[in-house]
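Notes for the one structure printed next.
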Amino acid sequence: MLEIKINETKVTSEHIVVIGSTNTDMVVRSSHLPKPGETVLGGEFMMLPGGKGANQAVTIARLGGKVHFITKLGNDIFGAQSKINLETEGVLVDYVFCDDIHPSGVALISVDDNGENSIVVAPGANAHLGIEEITKAKSCILDAEIILMQLEIPITTVESVIQMTLNMGKKVILNPAPAYHLPDAVLNGLYLITPNHTEVEILTGITITDELTCEMASQHLKNKGVQNVIITLGSKGAYVSSDKFTGMVHTCEFKVVDTTGAGDAFNGSIALALSQDLGIESAVRYANLVAGLSVTKLGAQASIPYPSELELELKTVKSF
């Protein structure tokens, strides 16, 4: 049984900072995806909050953590609504910046009756979250115990944060999604990297087939200066490579409704669990549970569980 006091999340002055993207997801369901030049009469339309950074920040806040979110929104209706949503969730928005030139990020998503989708993302202001904003938020970043980032913002911004915090004892976590080859300057000094099985292949060139290849890929990243590696493997759980624990951390079976945002729920809850001084194995068990519950509901942020849901699930879980 996973031992964690869900409703007694430790909130300290050493807060968590999430630096990343905010999008508005506009989703249309239709019988099939349109071919080039084809117009399809769709069905249900949904406009939902999204973006990897926002999803991860909301996960931390909803589960009881203190989280500052550094992001950039357009000066438009989507940006205004995104900021209201973040504040409603309890995310601290002192360093949510406004871009008067570029629009807020949006994702246009078509989903057919078989669950197949077609997605076009316009990053907008996300692509202009730069070193200027990071400099303005420097005091917040340096006060943080844990800093969580993804790759839906410029890689130069990610690298600047890593260089700013190098050798300062900060736990910098990188969720390398969407994945591409990263320079050594980004990897060196990371406390934790959390690729999934496809992302780790892009990062290392090693195809994941079993625990041995997981460890080979992990060692490749550690040789670049990463301290800890977690490779997420969906319904199989996650592989952990660290000084404290190395091996698979399995998860329970959950009825899958929608996997959108499950990786973000995992990363947000990992950051929160580590801020509570949980060991890495227990932290991954906790994150597996949060991510598993998230796939049982539609949407990204809408599917993030509340502490009461986790507590109820823990009462029924026999083992992981």
Checklist line | Total residues in the stretch 127-154, condition more than 15 Å from Lys72 (Cα to Cα) and not in a loop (DSSP other than H, G, I, E, B) | finding: 9
Checklist line | Subset of the stretch 239-248 (residues that are under 19 Å from the mean Cα position of the chain (by Cα) and either surrounded by fewer than 24 Cβ atoms within 10 Å (Cβ to Cβ) or β-branched (Val, Ile, Thr) (or both)) | finding: Val240
Note to self: Which pairs turn up if I take residues in the stretch 62-89 that are among the basic types (Lys, Arg) and look for partners that are in a helix (DSSP H, G or I) and crowded, with 23+ Cβ neighbours inside 10 Å with beta carbon separation below 6 Å, at least 6 apart in sequence or on another chain?
What the structure shows: Lys72/Ala125
Notebook entry, point to check: Right, Lys222: at pLDDT below 95, among the basic types (Lys, Arg) and over 19 Å from Pro178 (Cβ atoms) or not?
Noted result: no
Item checked: Among (1) over 29 Å from Arg29 (Cβ atoms); (2) in contact (Cβ under 8 Å) with a residue 24 or more places away in the chain; (3) aliphatic (A, V, I, L, M); (4) surrounded by fewer than 17 Cβ atoms within 10 Å (Cβ to Cβ), the one test that Leu274 misses -> (4)
Check: Inside the stretch 201-231, can you point out the residues that are of a type in the set (Gly, Ala, Ser), crowded, with 16+ Cβ neighbours inside 10 Å and touching a helix residue (DSSP H, G or I) at 6+ places or on another chain (Cβ under 7 Å)?
Finding: Ala217
Next item on the list: Under 6 Å between Cβ atoms, at least 6 apart or on separate chains: pull out the pairs that start in the stretch 152-176 with a residue that is within 16 Å of Ile16 (Cα to Cα) and charged (D, E, K, R) and end on any residue that is at pLDDT 95 or above and surrounded by fewer than 23 Cβ atoms within 10 Å (Cβ to Cβ).
Entry: Lys171/Tyr191
Item checked: Elements of type helices (runs of 4 or more DSSP H) in the stretch 239-320, at least 3 residues being in contact with a Gly (Cβ under 9 Å, 6 or more places away or on another chain) and more than 23 Å from Glu152 (Cβ to Cβ) -> 280-294
Note to self: Given the options Ile153, Ile146, name the one that is of a type in the set (A, V, I, L, M, F, W, C), closer than 23 Å to Ser242 by Cα and under 19 Å from the mean Cα position of the chain (by Cα).
What the structure shows: Ile146
Next item on the list: Scan the stretch 244-254 for residues that are free of Cβ contacts under 8 Å to residues at least 60 places away in the same chain and within 12 Å of Ala291 (Cα to Cα) and report the count.
Entry: 2
Check: Condition test on Ile208, is it in contact with a His (Cβ under 8 Å, 6 or more places away or on another chain), assigned to a strand (DSSP E or B) and over 25 Å from Asn23 (Cα atoms)?
Finding: no
Check: Does the stretch 226-237 contain any residue that is out of contact with any Asp or Glu (no Cβ under 7 Å at 6 or more places or on another chain), hydroxyl-bearing (Ser, Thr, Tyr) and at pLDDT 95 or above?
Finding: yes
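Residue-by-condition table, conditions (1) touching a Lys or Arg at 6+ places or on another chain (Cβ under 7 Å); (2) assigned to a loop (DSSP other than H, G, I, E, B):
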| site | (1), (2) |
| --- | --- |
| Glu38 | no, yes |
| Gly43 | yes, yes |
| Met46 | no, no |
| Ala54 | no, no |
| Val58 | no, no |
| Gly65 | no, yes |
| Phe69 | no, no |
| Ala80 | no, no |
Next item on the list: Restricting attention to the stretch 90-114, report how many residues are free of Cβ contacts under 8 Å to residues at least 24 places away in the same chain and among the hydroxyl-bearing types (Ser, Thr, Tyr).
Entry: 0
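The values are calculated or read from the model by the stated rules, or taken from the named source; none is laboratory data. Here the structure is a predicted model, which means the values were calculated and not measured. Virtual Cβ from ideal backbone geometry, glycine too; neighbours counted across all protein chains shown.
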